[in-house]
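Student: This is the structure I have questions about; it appears just below.
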Amino acid sequence: MLITLTTFDLSLAAVLVVMLGAISAYMKLGVAKQLYIAALRTTVQLLLIGLVLKSLFESTQPLFVLLICLVMISVAGWEILSRQKRKLKGWWGFGVSTGSLFISSFLITLLCLFTIIQADPWYSPQYAVPLLGMLLGNTMTGIALGMDRLTQTAWQQRPVIEQRLMLGESADKAISDMRSEAMRAGMIPIINSMAAAGLVSLPGMMTGQIMAGAEPVEAVKYQILIMFMISAGTGFGVISVLWLISKRLFDDRERLCFRRLLRQSAD
Amino acid sequence: MSFFNIQALKYLDCGPINLQIEASEIIGLNGPSGSGKSRLLRSLADLDEHTGNVYLRATEQSSLKAHEWRSQVALLSAETYWWLDTVAEHFEQFPTEKAKLLGFLNDVSLWPVSRLSSGEKQRLGLLRLLENEPDVLLLDEPTANLDPENEQLFESYVMNYVRERPACAIWVSHDVDQLQRISQRQYMIQKGQLHTEVKGI
């Protein structure tokens, strides 16, 4: 009893977005252009991935699946970087964010595919690609927030860090408070959504499954699985990114090394 | 070899600087603003990049981990920072008796740091720094915000510490009279070079 959506249904929803844009342009709120670009990106990107998934499901080539996954991870890594007010210079920035996504999403997806879902074959794209996508989409928010918080507070509180170094604290200890602050900032979104799930919000994946005709309790089980994976993935991802950045912020004589940071205008 | 030994130290466009300091000796240092006094102290504490060698009792700076070096060669910067809520939280154990010698009352350890004046921060900053029992004190205009009475308490506290531990100190100040009072030798940094200062200038 799956109700398929027609072009007309989608256009109706699109009209709402256009109306919002028109009103915000009229009130000079200045988000219309960004909103339209984002809506257009969503449409094009999702349609494309729909086509890719369709051909992917038909072919089940492991190399093809891997390629898609790598593209997804690099794009997410790049997105994280572009949300930073100050990022590590050179390849370090991209390396740190992509590396942490590899831990937070890729490894966790693999673990889940092998031990929990046990699809046959394990790389079957119907499970692998959506799982990885869901993990990437959620963990990259946490990682981006945690990273940004750490570099920003370290920058603003430079005198405090140096004061603690002068008192003979190790670099690791001198930045430890800021690191746990950043960890908290990165974890708050997923903790909030776990706490509110079911009471305040019905998570998107579960809603989609139920609307597509799945048994609610089955949908709930998948949702719980996803939530746990996202929180573990975000946690490990944020921990690794904070560890790498706080190492990189100091040189081998435990001095602050802000020349390794590049300031960029966040859009 | 001397207690504290600076050999061919260069940082930015300053140096080379050579200086030997003996135990229980205080060196006075002045010079125009921007001449590199603060950065000399930062280099000695290994907080800024530099070349050359610095020895404490024949132990070379780079042979220790940076934070071990800094707990022995301790820098008190012109402005001290306090990042926790109360004074006592910044200490392993707050030295109430010693605080009295610097003119504080019994309850200072409970004070919120937001109510500290800059002069109080400087005096408490000294106490906090001495908790590691450093062998070398690098003092960057430590009494700039103190009234004459507290300035005198501060001076005698440092002189006592240096004599009894024994430690040594480099004391940066613009106050030539103060440097005459507290130090055995006075130097001046000008255009990145260290000059012996003739007594009485």
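The numbers here are math on the coordinates, done by the rules we state, and not lab data. Keep in mind that this is a model prediction, so the values were computed, not measured. Positions of Cβ are backbone-derived with ideal geometry, glycine not excepted, and every protein chain shown enters the neighbour counts.
Student: What order do you get for B:10-19, A:139-148 when each peptide is scored by the mean count of other beta carbon atoms within 10 Å, highest first?
Tutor: Working: B:10-19: 16.3, A:139-148: 25.3.
Ranked from most to least packed, the peptides come out as A:139-148, B:10-19.
Student: Across the residues of B:61-68, average count of Cβ atoms on other protein chains within 10 Å?
Tutor: Values: counts 1, 2, 0, 0, 5, 10, 13, 3.
Mean shielding by partner chains, rounded to a whole number: 4.
Student: Further, regarding this structure: Shape of the stretch A:219-267 from its Cα gyration tensor (a ≥ b ≥ c, root eigenvalues): rounded if a/c is under 1.5, otherwise prolate when a/b > b/c, or oblate? Can you show the working numbers first?
Tutor: Working: a/c = 8.74, a/b = 2.33, b/c = 3.75.
Since a/c reaches 1.5 but b/c is at least a/b, the shape of the stretch A:219-267 is classed as oblate.
Student: When DSSP beta bridges are limited to those with both residues in the protein assembly as shown, what percentage is antiparallel, rounded to the nearest 5? Please list the in-between numbers first.
Tutor: Details: 21 of 39 bridges.
If we restrict to bridges inside the protein assembly as shown, about 55 percent are antiparallel.
Student: Okay, moving on. Could you give log10 I(q)/I(0) at q = 0.15, 0.30 Å⁻¹ for the stretch B:147-201, computed by the Debye formula over C-alpha point scatterers of equal weight, without solvent?
Tutor: Per q value, in the given order, log10 I(q)/I(0) is -0.49, -1.26.
Student: Give me a single rounded figure for A:164-176: the average over its residues of other chain Cβ atoms within 10 Å of their Cβ. Intermediate results must be reported in sequence, preceding the final value.
Tutor: Numbers: counts 5, 7, 18, 15, 14, 3, 6, 3, 1, 1, 1, 0, 0.
Across A:164-176, the average partner-chain Cβ count within 10 Å equals 6.
Student: Classify the protein assembly as shown from the C-alpha gyration tensor, please: rounded if a/c falls under 1.5, else prolate or oblate depending on whether a/b exceeds b/c. Display every interim value, and only then the final one.
Tutor: On the way: a/c = 2.84, a/b = 2.63, b/c = 1.08.
Taking the square roots of the gyration eigenvalues as a ≥ b ≥ c, the protein assembly as shown is prolate.
Student: Another question about this same structure. What is the average number of partner chain Cβ atoms found within 10 Å of a Cβ in A:246-254?
Tutor: Details: counts 0, 0, 0, 0, 1, 2, 3, 12, 8.
Taking all residues of A:246-254 together, the mean is 3.
Student: Now for a different question. Based on the mean of other beta carbon atoms within 10 Å per residue, what is the order of A:13-21, A:69-77, most packed first? Working shown, then result.
Tutor: Numbers: A:13-21: 12.8, A:69-77: 18.0.
Ranked by mean Cβ neighbours within 10 Å, highest first: A:69-77, A:13-21.
Student: Here's a follow-up. Provide the percentage of antiparallel DSSP beta bridges, counting only those with both residues in chain B; round to the nearest 5.
Tutor: Working: 17 of 34 bridges.
Here the antiparallel bridges make up roughly 50 percent for chain B.
Student: Another question, then. Which of B:Arg165, B:Arg128 comes first, and how do the rest follow, when ranked by fewest Cβ neighbours within 10 Å?
Tutor: Ordered by Cβ neighbours within 10 Å, fewest first: B:Arg165, B:Arg128.
Student: Semi-axes of the equivalent ellipsoid for chain A, please: Cα gyration tensor eigenvalues, times 5, square-rooted, ordered largest first, whole Å. Display every interim value, and only then the final one.
Tutor: On the way: eigenvalues 268, 118, 66 Å².
For chain A, the semi-axes come out at 37, 24, 18 Å.
Student: Okay, moving on. Provide the gained length on full extension for the span A:Leu262 to A:Ala38, in nm with one decimal, where the gain is 0.36 nm per separating residue minus the Cα-Cα distance. Walk me through the numbers on the way to the answer.
Tutor: Values: separation 224, 0.36 × 224 = 80.64 nm, distance 2.64 nm.
Value of the extension gain: 78.0 nm.
Student: Please give the per residue volume of the convex hull enclosing the alpha carbon atoms of the stretch A:50-114, rounded to a whole number of Å³.
Tutor: Values: hull volume 6.4 nm³, N = 65.
Normalising the Cα hull of the stretch A:50-114 by residue number yields 99 Å³.
Student: If you project the alpha carbons of the stretch A:52-206 onto their three principal axes, what span does each projection cover, largest first, in Å?
Tutor: Result, largest extent first: 62, 42, 27 Å.
Student: Additional query: Per 5 Å bin from zero, what fraction in whole % of the C-alpha pairs of chain B is there, up to the bin with the longest pair?
Tutor: In order of increasing distance, the bins hold 1, 7, 16, 20, 20, 16, 11, 6, 2, 0 percent.
Student: Let me ask something additional. Considering only the other residues whose Cβ falls under 13 Å of the Cβ of A:Cys257, what net charge follows from Lys and Arg at +1 and Asp and Glu at -1?
Tutor: Working: positive: A:Arg86, A:Lys89, A:Arg158, A:Lys247, A:Arg248, A:Arg253, A:Arg255, A:Arg259, A:Arg260; negative: A:Glu162, A:Asp251, A:Asp252, A:Glu254, B:Asp48, B:Glu49.
Surrounding charge for A:Cys257 is +3.
Student: While we're on this one: Between A:Thr207 and A:Leu107, what is the FRET efficiency for a Förster distance of 25 Å, r being their Cβ-Cβ separation, to the nearest 0.05? Please report the intermediate quantities before stating the final value.
Tutor: On the way: r = 28 Å, r/R0 = 1.11.
Given R0 = 25 Å and the Cβ-Cβ separation, E is 0.35.
Student: With the alpha-carbon atoms as the only input, what is the per residue convex hull volume for the stretch B:54-138 in Å³?
Tutor: Measuring per residue, one finds 102 Å³ for the Cα hull of the stretch B:54-138.
Student: Extending each Cα 7 Å along its Cβ direction at B:Glu89 and A:Trp78, get the distance between those two points in nm, one decimal.
Tutor: The modelled label-to-label distance comes out at 4.4 nm.
Student: From the square roots a ≥ b ≥ c of the eigenvalues of the alpha-carbon gyration tensor of the stretch A:1-68, which class results: rounded (a/c under 1.5), prolate (a/b over b/c), or oblate?
Tutor: Numbers: a/c = 5.74, a/b = 1.94, b/c = 2.96.
Oblate, since a/c reaches 1.5 and b/c is not below a/b.
Student: If we count every other residue with Cβ under 10 angstrom of B:Glu92's Cβ, Lys/Arg +1 and Asp/Glu -1, where does the sum land? Let's see the in-between values first.
Tutor: Details: positive: B:Arg128; negative: B:Glu131.
Taking every other residue near B:Glu92 into account, the sum is 0.
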